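Here is the structure we will look at, set down as structure tokens.
The values are calculated or read from the model by the stated rules, or taken from the named source; none is laboratory data. None of these values were measured; they are calculated from a predicted model. A quick note on method: Cβ atoms are made from the backbone with ideal geometry, for glycine too, and the neighbour counts reach across all protein chains shown. Protein only, heavy atoms only, side chains kept; ligands, DNA and RNA dropped before computing areas. Shrake-Rupley method; radii C 1.70, N 1.55, O 1.52, S 1.80 Å.
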Amino acid sequence: MLAFIKGSLAEKGIDYVVLDHQGIGYMIYTTASVLEALSALGQTVKLYTYMYVREDQIALYGFLTKEDLQIFKLLIGVSGIGPKGALGILSSISPNAFQFAVMSGDSKAISKAPGIGPKTAQKLIIELKDKLKLEDMFEEESGSGAEASEADNTAGKEVIMALVSLGYSETEAFRAVKKVEASPETDSETLLKLALKQMLTF
């Protein structure tokens, strides 16, 4: 198993890149957002990879973060979703936005992906909702270990719960809280007011 590959960007295709690592070119399929982020040929790139092995095919799929790779693995673990389908989903909606959509039951956002109809979108939500947690997303966004981050997380979670009780979806609530430029000293009440202002921009 290849955990990651680091090399120079030798080539870009419609849905893949080729990384040159010690004279060997690795073709790695990836998302539109990764292709957009990798702009300059020759730049050093590190992609976290998944090796897909079938009797008639061996292919590599790569992502810029471990978290994005984990979402890809969850997607292909759903019956009927193969690697190409998973890439299609993550090319039309970012991994973070996909998590928001699953947690809030937003099947419309997921069904915008090519080849994903309403029924498949609902299936993804049902199968993955219990595997994705709001707390985990806060840890990914804020990092861990710092007391300030822990305080931010606590206030943020309280505000999200308050916004959901007001009728907003978890997706909308999470996005609003993350857009607020708050300091570690910002209390829940102030954060709620700032988050409500952010709602007007969506």
Filter the range 76-119 for residues that are without any contact (Cβ under 8 Å) to a residue 60 or more places away in the chain, of a type outside the set (Gly, Ala, Ser) and over 16 Å from Tyr29 (Cβ atoms) and give the result.
-> Val78, Ile93, Asn96, Phe98, Gln99, Val102, Lys108, Ile110, Lys112, Ile116, Pro118, Lys119
Which residues, taken from the range 120-168, are open to solvent by 80 Å² or more (accessible area, probe 1.4 Å), part of a helix (DSSP H, G or I), modelled with pLDDT of 80 or more and under 24 Å from Lys193 (Cα atoms)?
-> Glu158, Met161, Ser165
Cβ pairs under 6 Å, 6+ apart or interchain, first in the range 62-75 and farther than 16 Å from Lys129 by Cα and outside any helix (DSSP H, G or I), second of a type outside the set (D, E, K, R) and open to solvent by 30 Å² or more (accessible area, probe 1.4 Å), ordered by first then second residue, are Phe63/Tyr48
Would you check if there is a residue in the range 169-180 being at pLDDT 75 or above, among the small types (Gly, Ala, Ser) and under 30 Å from Ile81 (Cα atoms)?
-> yes
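Every residue, every condition in (1) under 19 Å from the mean Cα position of the chain (by Cα); (2) of a type in the set (A, V, I, L, M), yes or no:
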{"position": "His21", "(1), (2)": "no, no"}
{"position": "Ile24", "(1), (2)": "no, yes"}
{"position": "Asp56", "(1), (2)": "no, no"}
{"position": "Lys66", "(1), (2)": "yes, no"}
{"position": "Ile81", "(1), (2)": "yes, yes"}
{"position": "Thr120", "(1), (2)": "yes, no"}
Within the range 169-202, residues open to solvent by less than 30 Å² (accessible area, probe 1.4 Å) and under 22 Å from Ser107 (Cβ atoms) come out as Thr171, Ala173, Phe174, Ala176, Met199
